[in-house]
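Take a look at the structure set out below.
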Amino acid sequence: MLWDTDELAATLCDLSVPHEDINDVVRMNRRVADDPELRAAAERRLAVLVEDIGEIRGGADLPDLDWPSGPMQRYFPLYVLLAALPAVRAHHRERGIPPEVTRRTLADTGRALAAHRRRYGTGGLMRPRWLTLHFRGELYQLGRLQFQRSRVGKWTGESAAATGLPLGPDAPGLALHIPDSLGPLTPQAVDRSLELARAFFARHYPDERYQVATCGSWLLDPQLKRYLPDRSNIVRFQERFRISHLPAEPEDDAPIRYVFGTPDGDPRRLPRRTVLERAVVDHVRDGGHWYVPDGWLRL
């Protein structure tokens, strides 16, 4: 089910796993394979992960390992994902998905490991459930953006209907995600990603007709226009979307996590080096709050 040492190291490199994590993951791999308790726990989680692979389920839950806190507990979800590689690669081949798309999509694994070390100072996997979308064929990296095969919700359906685009309950919709480590969110990069998405899903999932892409992000908070230039990348990104829902509850940690890499930063101590950093920090310092609206655009 798992990998021999030589093959595992090469596979981790393919997944963009940081070099400082590779030796620990390879070293503990044999323990997972040889320990009956660990192996059984991995196999149970693997069965849940690959069940109905390719179906839209919104990912899969991978319960934490009931194990003393330490490297094994933190890295354990990675071994489950590694064991699922043959299944997700087979699904991609069946759908005719290019190997380069497979590689770039699954490379988010390495970013999740880097994010864990950046935040906690130790090796481990950040947000394992998020990565189950990649390993179930539900999410793909297409250029600058990621697109998740999903369903249209109530807010989007009602907002789309108001524009004359009726979408039935649970109509297919692409949830658009914005990685924080792939360069500027330029209009050209967004245009290219949307073009790639239109062609990709029409070719590889022709049985699912996607008419809209949805996005729930602090980047859609209209308050940002008070601080950013009219032609900034973020403002131009906002202008692509119709807002379908403005939440009542703030989420100040969302922009702080995205811009500064931590949700725990004290706004009084965070740097103010860029226009965006000053906007995020000054708004909160002045008693304001940030929100995560939901929006959609027609494909």
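Every number here is computed from the coordinates shown, using simple stated rules; none is lab data. Because the structure is predicted, anything quoted here is derived from the model rather than measured. Virtual Cβ from ideal backbone geometry, glycine too; neighbours counted across all protein chains shown.
Scalar couplings 3J(HN,Hα) for region 160-169, obtained by applying the Karplus form with A = 6.51, B = -1.76, C = 1.60 to θ = phi - 60°, are 5, 4, 5, 9, x, 10, x, 10, x, x Hz; x denotes Gly and Pro. Taking amide H as placed 1.01 Å from N in the peptide plane, the amide H of H245 sits under 5 Å from that of D294, each at least 5 places away or on another chain. Comparing Cα centroids, region 108-150 and region 1-66 end up 14 angstrom apart. Placing a label point 7 Å from the Cα of L297 along the Cα-to-Cβ direction, the residues of region 145-179 whose backbone N falls under 14 Å of that point are 145-147, 174-179.
Helical runs (DSSP H, four residues minimum) scored at -39500 (n - 2.57) apiece and divided by the length of the chain put the mean residue ellipticity at 222 nm at -15000 deg cm²/dmol.
Springs join every pair of Cα atoms under 10 Å in this Gaussian network model of the chain, and among T132, T105, T274 the largest mean-square fluctuation is at T274. Is the chain rounded, prolate or oblate when judged by the Cα gyration tensor, a ≥ b ≥ c being the square roots of its eigenvalues, rounded requiring a/c under 1.5 and prolate requiring a/b larger than b/c? Judged from the Cα gyration tensor, the chain comes out oblate (a/c at least 1.5, b/c at or above a/b).
Every Cα-Cα pair of region 111-212 was included, and the share exceeding 23 Å stands at 40 percent. In the elastic network of the chain, a GNM with C-alpha springs shorter than 10 Å, the most mobile of D207, D64, D180 is D207. Near A171: Cβ cut-off under 11 Å, other residues only, Lys/Arg at +1 and Asp/Glu at -1. The net charge is 0.
Which of R268, R257, R278 ends up with the largest GNM mean-square fluctuation for the chain, with Cα atoms connected below 10 Å? Most flexible of the set in this elastic network: R268.
Between R30 and I243, the distance separating the two model label sites (each 7 Å from Cα on the Cα→Cβ line) works out to 5.8 nm. The length gained by stretching the chain between R278 and D66 to full extension, at 0.36 nm per residue less their Cα-Cα distance, is 72.1 nm. Here the gap between D191 and H19, fully extended at 0.36 nm per residue and compared with their Cα-Cα distance, gives a gain of 58.6 nm.
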